[in-house]
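Report on one structure; see the data block that follows.
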Amino acid sequence: MDDDGTPLSEDSLVAMCSKARGTLRSLRLGHNNGAQLRPSSLLQAIIGNAKLTEVHATQLRFPWSGLQCIAALDACPALHTLRVDAYMTGEVSDTTNALVSSLASRRLHCAKLHVAGRLRGETISALADAMAEDARLNVLQLNFADVDDSAMTILARGLTSCASLTHLCLRGNSISSVGALALASALSRSAVRELVLGSNALGDAGATAIAVLLRENTSITTLDLSGNGITPSGAVSLAAGLIRNATLRSLCLDFNAVGPVGAAAIAAALPSTELESLDLEWNGIRCAGAAVFAFTLQQRTSGTLRHLGIASNSIRAGGAIMLAGALRNSGLESLVLAHNTDLGHSLAGATVAAAVATCASLKHLDVTACGLDADAMTLLCHALEQPSCALVALRAGGNPAVGQSAVHSLARAAARNSVLRELCFTMVHNECPRLLSTDVTLTRDPLDDVGHWVGAPHARTTPWRLL
C-alpha cells in the first residue's frame, strides 16, 4: 500500500490496514501524509498484519522509540525492512541492546537515529559493532551525548564500514584533537556529506586533523566547526585543506578566534574552493579581516561564494565601506553584518545603500544592531525603490528607532518594490508608551494579490497591517 501524497488521519490509517489484514505486504508513508501520525497509531495498524515484509514510515509526528521499533519487528516476523526515524537512550538496557541488534541484523533501517542522553560504554561498543556490520543508518545524531576521545575512538571503527551514513552530528561533546584524529581517519573515504562538530574542544590540533580529512575526503559538503577554540594557526591549517578540497560547499567557523590572520588565510583559499557559504561570526576579524574579504570579492576571485556571515566581529565603518564597495560584481547573494555595532557612520550607511541599489546579485542583507541612524534608513528606503534592487530580505532591527516619516518611507519603498519579501526595522510605537521602541518584522502576504504586508512588533502577538 503506497501513499498518494494525501495527508492521512490515524483513524483512516488503522481502518485501511484492518481492511487489508492478512494480505498487506508493503506499507509506505511519504513525507506528506505521515506528518500527523504517531508511531503508536502506526504500530497499532501494523500489529495484526504479520505478513508485512516492509514498512517505510519516516518523518512521522514523533520519532519511534526503541521499544516501538522492537514491538513492530516482533509482531511481523516476515518484516525485513522497517524504515523509520528513531531515538534511543545512551543507557545500557534491554531495549537499547535490542534496537542496536536490529540495526546489526539489517532488519531495521534508521533514516535518522538520535541518541538521547549520555552514551555509556557498552552502548558505544554495541553501536560501533552494528555500524561495522554496515547497518542501514543514514543520519546519526549524537548531540550532547557525552562523547569524549575514548568514545570517539570506539565509534570510529564502526564509521569506517557504515557505507549508508550521510549525516553525522556530534555537537556539544568533549572531542579534542585525539578524537578528531580518529574521526578523520575513519571518514577519509566515507560517504558522509554533513559533519557537525560544533561546541567541542578540537583546538588548533583538531582543526589540523580536520584539514587532513578535507584533503582526502571527496563526499563532505557541509562542515560545522563552530565553538572549538580555533585560533589563527588552526585557520591557516584549514585553509590549506580547503585548497585541496573540491566538494565542500558550506563551512561554519562561528564562535572561534581566527582573527584577521585566520580570516586572511581563508579568504586567500576561496578562489581554489567550491565554497558557497562561509560563516565567521564572533571571530574578532575586525576591519583588517573585512578588508581582506572585500579585496577578494572585488577582484572577483571569491570562486563560488554566495553567502558570507561575519556578524559580531567588531567591524567598524571603514570595513563596512570596503565590503559594500566590493559587492557590485562579487556574485554574493547574502551578507550578514549584524551586531557590528560601530557601523553607524553616514558614509558607511551611504555605501551600504548604494550597494543595495546597484548590486544585482544581493538578495539578503542583515545589518541588525549596527548603529545605523535614521539618515541611513532613509538612504536604504531610497535604495529599495530603485529598479535594479534585487533585495529579497532586509533585516535592520536593533538600530536606533525611526520615526513616523521614516516608517512612511519604508511603506512607500515596500509598496514599490515587487521583489522584497521580508523587512525588519525598529520604530517608536505610540500605542505602547512603556516601550520606547520595538523591532517590527513584516513579510509580504503570499495569499494577497494586492501585495499587502503582514507582521507584528516582536513584543506583541497581535498581527497588524502596515499597508
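The numbers here are math on the coordinates, done by the rules we state, and not lab data. Nothing here was measured: the structure is a model prediction, and the numbers come from that model. Quick reminder, even Gly has a Cβ in these numbers, built from the backbone with ideal geometry, and neighbours come from all protein chains shown.
Points worth noting:
- For segment 169-207 versus segment 74-97, the gap between their alpha-carbon centres in whole angstrom: 27
- Taking each DSSP H run with n ≥ 4 as -39500 (n - 2.57) and averaging over every residue of the chain yields -11000 deg cm²/dmol at 222 nm.
- For the chain, the relative contact order is 6 percent, taking Cα pairs closer than 8 Å that sit 6 or more residues apart in sequence and dividing their mean separation by the residue count.
- 5 Å-binned pair-distance histogram of segment 244-370 (Cα, whole percent): 2, 13, 24, 27, 21, 10, 3, 1, 0
- Computed over the Cα atoms of segment 185-331, the ratio of the radius of gyration to the Kirkwood radius (Rg/Rh) comes to 0.96.
- Only one residue of G158, V147, T123 has its Cα farthest out toward the positive end of the dipole of segment 120-166, where Lys and Arg carry +1 and Asp and Glu -1 on Cβ, and that residue is G158.
- Dividing the C-alpha radius of gyration of the chain by 2.2 N^0.38 Å, with N its residue count, gives 1.15.
- Within the shell of other residues whose beta carbon sits under 10 angstrom from the beta carbon of R38, the net charge comes to 0, with Lys and Arg scored +1 and Asp and Glu -1.
- Highest-first arrangement of 129-138, 203-212, where packing means the average Cβ count within 10 Å: 203-212, 129-138
- Leading residue at positive end of dipole, the chain (Cβ point charges), from A320, L113, A135: A135
- Dipole magnitude of segment 355-418 about its Cα centre (Cβ charges: Lys, Arg +1; Asp, Glu -1), debye to nearest 20: 200
- By the rule of a C-alpha distance below 14 Å, with chain neighbours fewer than 8 residues away ignored, the aspartates and glutamates paired with K112 are D85, E194.
- Tensor-based shape of segment 288-348 (alpha-carbon gyration tensor, a/c under 1.5 rounded, otherwise prolate or oblate): prolate
- Simple spin-label estimate for S219 and Q44 gives 4.0 nm between the two label positions (7 Å along the Cα-to-Cβ direction from each Cα).
- Lysines with Cα under 17 Å of K51, excluding same-chain neighbours fewer than 8 positions away: K19
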